[in-house]
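Read through the structure below, which is laid out as structure tokens, and then see the notes.
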Amino acid sequence: MENNELMARAIVLGASALGAGTAMIAGIGPGIGEGYAVGKACESIGRQPESSGAVTRTMFIGCAVAESTGIYGLLVALLLMFANPFINKISG
Amino acid sequence: MEIGNLLRGSPDGIDVRGPGVLCSFDVFGVTINLTETVVISWGIILVVALLLNWITKDMKTKDISKKQVVAEWIVSTVYGLVDDTMGKHWHNFAPYIGALFTFSITGSLVSMLGLRSVTADFNAPLTWALVTFVLIHGTNIKTHGIGGYLKGYIDPVPVMLPINILSELATPVSMSLRHFGNVVSGMVITSLLYFALSAVTKSIGVAFMTIGIPAVASLYFDLFSGFMQAFVFIMLTMAYISNADGRNEE
């Protein structure tokens, strides 16, 4: 009985670690999106250097908004690593 | 040299916790926790208030002192930013934006003093986002009237009602989660880095790694990220609130 519970906990912990890693795949999307936004911002500053302040400000806001999906993935990963909600569901 | 230490990690594990509860008391059956965040926030409020009180003392119109120049620069910067982003008719809105920015950035930077960041507790950004949420809807009701406000929910077709409500509710959630996630990810990554480097130090025996690298990482995560998130938070607040008002559409 005790061994079974240990096994169950081990499976849950291992699967949670895998899940935390998998959740961070969400970082790909914001990375690509922000890179594209920054590239476009550089392009437009090169074309119109006098508007660099406004372009930079708008770009940072856009980056922050685009980042939120990545942040959600990160929060899921952090929950699985430090506040695992599944480990307490195992009852002996 | 034990490389095994690197893979095994330290027996203590990594220490990532929520804010500590200093004391808790019952008020009419509701447990109120006095957390680290609350105490540090009040400390920040006190220090900032005293600082501002000192900086604005003895204001003159002729041969002004250095601290008055600083005070005037802060005020004119905040007012200029609000005028640029929201338009001239939102001029009176600058104090709220300035207060939000100051609280957010000092709340993040307080981690450089070795205290726990206020913004690394989800309650703090959530509170600010809820204040902004109330302001957005208050502005909307003020400009469009209660009927026009309610009509906005069934704007294109009445079928859109649940989607519109959800998108309104998503605003404070995404704003607060973005701020919280950025700060707390910096905190976790710094502690993971510190943990890994101390394992390297333990296996090599020379403490050359733990000194420089975490400082650089904390410079990025605390200074740059803290500033960036405070800025993004106020910019989004201004954008949402001035969007709720129809006057900007010209």
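The values are calculated or read from the model by the stated rules, or taken from the named source; none is laboratory data. Since we're looking at a predicted model, the values are computed, not measured. Reconstructed Cβ throughout: ideal geometry from the backbone, glycine too, with neighbour counts over all protein chains shown. Accessible surface areas use protein heavy atoms only, side chains included; no ligands, DNA or RNA. Shrake-Rupley method; radii C 1.70, N 1.55, O 1.52, S 1.80 Å.
Scanning segment A:19-45 for residues that are surrounded by 12 or more Cβ atoms within 10 Å (Cβ to Cβ) and of a type in the set (A, V, I, L, M, F, W, C) yields A:Ala20, A:Ala23, A:Met24, A:Ala26, A:Ala37, A:Val38, A:Ala41, A:Cys42, A:Ile45. Of the helices (runs of 4 or more DSSP H) lying entirely inside chain A, those carrying at least 1 residues that are within 26 Å of B:Val188 (Cα to Cα) and in contact with a Leu (Cβ under 8 Å, 6 or more places away or on another chain) are A:2-23, A:52-82.
Within segment B:160-176, the residues that satisfy the criterion of being touching a residue at least 12 places away in the same chain (Cβ under 8 Å), within 13 Å of chain A (Cβ to nearest Cβ) and open to solvent by less than 60 Å² (accessible area, probe 1.4 Å) are B:Thr171, B:Pro172, B:Met175, B:Ser176.
Criterion first (away from every other protein chain (no Cβ under 14 Å), over 10 Å from the mean Cα position of the chain (by Cα), under 24 Å from A:Thr58 (Cα atoms) and assigned to a helix (DSSP H, G or I)) does B:Gly186 satisfy it? No, not satisfied. Would you be able to tell me the number of residues in segment A:11-67 that are more than 22 Å from the chain's Cα centre (by Cα) and either among the acidic types (Asp, Glu) or over 20 Å from B:Phe233 (Cα atoms) (or both)? Adding up the residues that qualify gives 14.
Under the condition of being of a type in the set (S, T, N, Q) and surrounded by 15 or more Cβ atoms within 10 Å (Cβ to Cβ), which residue from segment A:65-92 is farthest from the other protein chains (Cβ to nearest Cβ)? The residue in question is A:Asn84.
Filtering segment A:50-64 to residues that are away from every other protein chain (no Cβ under 13 Å) and surrounded by 18 or more Cβ atoms within 10 Å (Cβ to Cβ) leaves only A:Val55. Reported count of residues in segment B:132-152, each being open to solvent by 40 Å² or more (accessible area, probe 1.4 Å) and more than 10 Å from B:Ala244 (Cβ to Cβ), is 6. For segment B:115-123, the criterion of being within 14 Å of chain A (Cβ to nearest Cβ) and part of a helix (DSSP H, G or I) is satisfied by at least one residue. B:Glu72 fulfils the conditions (1) over 14 Å from B:His179 (Cα atoms); (2) open to solvent by less than 70 Å² (accessible area, probe 1.4 Å); (3) not small (Gly, Ala, Ser) except for a single criterion, (2).
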